[in-house]
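The values are calculated or read from the model by the stated rules, or taken from the named source; none is laboratory data. Computed from a predicted model, the values in this text were never measured in an experiment. Every residue, glycine as well, gets a Cβ built from its backbone with ideal geometry; the counts of neighbours run over all protein chains shown.
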Amino acid sequence: MNAITAKKAPVGRPQVPAEERLETIADLLLARLGDEHPGLLDGDSSWTWDEVVRESAARAAWAEELRDPERPFHIGILLDNQPEFIFWLGAAALAGATVVGINSTRSGDYLEQEVRHTELQLVVTDASGDTLLDGLDIGVPKDRFLRTDEPSYAEQVAAHACEPTRRPEIDAKTQMLLLFTSGTTGASKAARVSQGRLVGLGYQNTAKYDVRRHDISYCSMPLFHGNAVMGLWVPTLTAGGTVALGRKFSASRFVDEVRAYGATYFTYVGKAIGYVLGTPERPDDHTIALTHGFGTEASPEDRARFLERFGATLLESYGSSEGAGMVALDPAAPTSALGRPAHDGVKVVDPESREECAVAELDEHGRVLNAELAVGELVNTTGAAAFEGYWKNPEADAERVRHGWYWTGDLGFLDDQGFLYFAGRSGDWIRVDSENISALLTERALRRHDDILTAAAFAVPDPRAGDQVMAAVEIPEGRTFEDLDLGAFLARQQDLGTKGAPRFVRVSHALPSTGSNKLRKKEIQLDGWRTGDPVFWWVGRGEPAYEPMTEADKATLVAEFDANGRRRFLP
């Protein structure tokens, strides 16, 4: 930090005593009746908390009228961040329904499988979402689509205006969310989240991230994601602050929208911070009201640059859709550490022996010198009972809870001071923009190409935050990479999604393999783009477009890792 200092230094604050806490999101909302403090901002439009609750109640009454009591009361929402998403979160809480946030970056067969699995009764969407779902069999007839951009929608909301109340049977165990995540098998999994767990996160995170009544919380992360719901909406509701919506994250609009709202708090993923810092600096950047934000996977260097440029502190932590509360923030922690284990049940263990791993020995770059002994899986030996499971996926439940412990599927290590560090994901997860991408799905798409004999997809570290997708493909003798026209081919794969296309592609006529003709994937991943085989990379956005990666390009990329303090992530 140089000339600009933090406007305030969030250090957390005491939690509300347990005897004073409400138990459900429905009760948190009803407690806001009569509250004239601004609860929601959307551009030039605003709603008090009292109005937010009443809007939610009207939609709850409408949903109740449409409810099929013979089926799970699941409501899919396919919208950008707009007021209707917030109102339907409230409606679900009051009606005892479950919101399934539909990921708009999915498409084709993958989207169909993911949504159909959750057994929706209704879909709340608009013209854009309707188009995305067109032709897919998600198990919901079109007459059960509630289109927010049609005149009849507003008429129905007005017709169902009522005095807010909630179903009497709602309690802390009432399911409120199904949040999609990805596992080691690549299959879709929908994490179950109860009203009670959300309330607990509300009280926990208002204290942990210092969210208060005066805060205006800028929400540009998608509301179908746990980051926005658990890290912003619930804490802001709990504190009685103000939610300010950004339709989608945009680096070019970030400062202007934050300034216009007078936002003081926000949530992020690491890549988003890198994009914001990549925009041209302005002389008045530091005059925005922003004081702090919470997120994951921002590099220590980017956090320092953000503080220097905007005077706002970024609070890094660890969490997941399935569980949270495993890491306690500590102002004394090294910048690359997450904090300390929140309690004695949080450990780093060898997944085979279940023995605790050795203390990590770190070099000057923060790289682990004894990785084989120090890096293990992050577990919570007391967290199995708190894990609420996945929707109709007992195999995935069993993967998470073994031997009475909760296994995160994430890797970590502890230093000699007891600080905890994140070290990646086990299995075939690739963490892109804080979203888990399945390597298996990328491999399947690549293997559809007539001239790709076999393929492996895997994570390689990003120089700023998280991972990028890399693939290694084996093609026949006499064929070249240019013959594949790979960019156009991948653009046609409807189930690949916007983040599944590889940024780097290694091309070979004979990839390393075992005696049983299985690819030596770990070896290929360790080589990454620093292999002797030709590598092509996709620079920029839009549809994939590949160009040869030169030795000079590789040297420049290594220098970028050095500049961001992430050299330790290069194998």
Just give me the residues in segment 503-519 being surrounded by 14 or more Cβ atoms within 10 Å (Cβ to Cβ), of a type outside the set (Gly, Ala, Ser) and more than 19 Å from residue 548 (Cα to Cα), in sequence order. 512, 519
Got a sec? Which helices (runs of 4 or more DSSP H) wholly within segment 393-502 have at least 2 residues that are buried (at least 21 other Cβ atoms within 10 Å of the Cβ)? 394-400, 439-447, 486-491
Positions within segment 269-300 being closer than 21 Å to residue 339 by Cα and surrounded by fewer than 18 Cβ atoms within 10 Å (Cβ to Cβ), in sequence order: 300
What pairs come out if I take residues in segment 40-51 that are under 17 Å from residue 239 (Cα atoms) and pair them with residues that are at pLDDT 95 or above and β-branched (Val, Ile, Thr) whose C-beta lies under 8 Å away, six or more apart or interchain? 40/52; 40/86; 40/242; 40/243; 41/216; 41/242; 41/243
So is residue 121 assigned by TED's automatic domain parsing to the domain that holds residue 176 and within 29 Å of residue 25 (Cα to Cα) or not? yes
Might you let me know whether segment 55-70 holds any residue that is over 15 Å from residue 165 (Cα atoms) and surrounded by 17 or more Cβ atoms within 10 Å (Cβ to Cβ)? no
Matching residues, segment 375-392, being more than 17 Å from residue 569 (Cβ to Cβ), modelled with pLDDT under 90 and either of a type in the set (Phe, Trp, Tyr) or surrounded by 19 or more Cβ atoms within 10 Å (Cβ to Cβ) (or both): 376, 383
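The rows are residues; the columns are (1) surrounded by 17 or more Cβ atoms within 10 Å (Cβ to Cβ); (2) more than 22 Å from residue 268 (Cβ to Cβ); (3) in contact with a helix residue (DSSP H, G or I) (Cβ under 7 Å, 6 or more places away or on another chain); (4) polar (S, T, N, Q).
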{"site": "169", "(1), (2), (3), (4)": "no, yes, no, no"}
{"site": "174", "(1), (2), (3), (4)": "yes, yes, yes, yes"}
{"site": "194", "(1), (2), (3), (4)": "yes, yes, no, yes"}
{"site": "206", "(1), (2), (3), (4)": "yes, no, yes, yes"}
Just one listed residue, out of 109, 130, is in a helix (DSSP H, G or I), surrounded by fewer than 17 Cβ atoms within 10 Å (Cβ to Cβ) and either basic (Lys, Arg) or touching a residue at least 24 places away in the same chain (Cβ under 8 Å) (or both), and it is 109
Report every pair of residues separated by at least 6 positions or lying on different chains whose Cβ atoms are under 9 Å apart, first residue within segment 532-547 and farther than 13 Å from residue 482 by Cα, second surrounded by 14 or more Cβ atoms within 10 Å (Cβ to Cβ) and β-branched (Val, Ile, Thr). 533/507; 538/505
